[in-house]
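Contents: one structure, followed by commentary.
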Amino acid sequence: MAALTLQGVKKTYDGKQFVLHGIDVDVADGEFVVMVGPSGCGKSTLLRMVAGLERISEGEISIAGKVVNRLEPKDRNIAMVFQNYALYPHMSVAENMGYALKIAGVERAQITQRVQAAAQILELEALLQRKPRELSGGQRQRVAMGRAIVREPAVFLFDEPLSNLDARLRVQMRLEIQRLHARLATTSLYVTHDQIEAMTLAQRVIVMNKGHAEQIGAPTEVYERPATVFVAGFIGSPGMNLLEGRVSDDGSAFEVAGNGPKLPLTGTAAIGGELANGREWTLGIRPEHMTPGHADAPHATLTVDSCELLGADNLAHGRWGKHDVTVRLPHAHRPAAGEALQVALPARHLHFFDPSTGRRVN
């Protein structure tokens, strides 16, 4: 096992425009870190640079304290799991898992031992003589992970390994990857566009946007204290409600821009100082934190446009001024379109961002 360090890593293809802007990340020995972001944010490019499949324009990448910028992929002591499995169709499961060791000149007895050990971990023992065409999608992905395990690398790299699986299999494979890391404790860097994978698998999350690392932190930190408007809107399903406007001078209300309502803020002791100075702010609150209001307490009214029934809970949608608003409600609370929904905005759950920079201010 080994630590993975990225210092000032940049990437440009034409020498002018950068697609990665000085990424600094330290992945501790045995840590599982997930990079998440929308398509085109640079996460897969960064992973390929760690793997040695893309050249680094600036900066350093170190594995186990050794700079690997100029090393070929085979010399970096890494193993990669791909989205499309990349299995040889004419080989059996056992042959696929042991092929890299065979090419490396490892003795046959040791190859067999490692393949058997990995197959036991991944519950593939009964499938070792089958061909890939005889396997399900989940089984093929386990074979791909087994091929990485037998190499006993310093670092695992995962490139959206669950993207080709259906929803049910993705849940199953997430659990298997969690168990695998708990057992092997190998340093891992995992790329996904799926925030559920990021939140459930990661010890730390790197939220990527336009070639920048917007925020690096534990899943709970990224969810509960997003550093930027982008992180607030991207992390969470649905994302955080974001409203432009200003806090009233006494800190008791938020006046929504665009002919929006004046929203009473409950627990007003937390709102004041710099926030209540007449400046424009972006207010954020998660759908589950907009609690049902009461006629005898400060509340705001949202006219429901539609309601999504999700099973465990429901999502009511409406608008305040020019802003779309979503409220998460209990299973039994199903407002009809046109119904007036009373909601409270507890101050302890409010997030304020500077609209000029997008950065968090409270």
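Read-outs throughout are calculated quantities, based only on the coordinates presented, and are distinct from any laboratory measurement. Computed from a prediction, not measured in an experiment: that's the story for all the values here. In this analysis, Cβ positions are derived from the backbone assuming ideal geometry, glycine residues included, and neighbour counts consider all displayed protein chains.
General observations
- For the chain, the 222 nm mean residue ellipticity estimated from helices alone, with every DSSP H stretch of n ≥ 4 adding -39500 (n - 2.57) and the total spread over all residues, rounds to -7000 deg cm²/dmol.
- Residues Met91, Met199 in ascending order of nearby Cβ atoms (within 10 Å, fewest first): Met91, Met199.
- Among the listed values (i) 72, 24, 18; (ii) 34, 26, 17; (iii) 47, 25, 15, the one matching semi-axes √(5λ) of the Cα gyration tensor in Å as calculated from this structure is (iii).
- Structural descriptor for the chain: relative contact order 15 percent, calculated from alpha carbon pairs under 8 angstrom and at least 6 residues apart.
- The count of lysine pairs in the chain whose Cα atoms are under 21 Å apart, excluding pairs fewer than 8 places apart on the same chain, comes to 13.
- Segment 74-92 versus segment 297-331: alpha-carbon centroid distance in Å: 46 Å
- Descending semi-axes in whole angstrom, ellipsoid equivalent of segment 241-353, from the Cα gyration tensor: 25, 14, 12
- Extreme residue, positive dipole direction of the chain, given options Ala119, His181, Ile23 (C-beta unit charges): Ala119
- Summing Cβ point charges (Lys, Arg +1; Asp, Glu -1) relative to the Cα centre of the chain gives a dipole of roughly 1180 debye.
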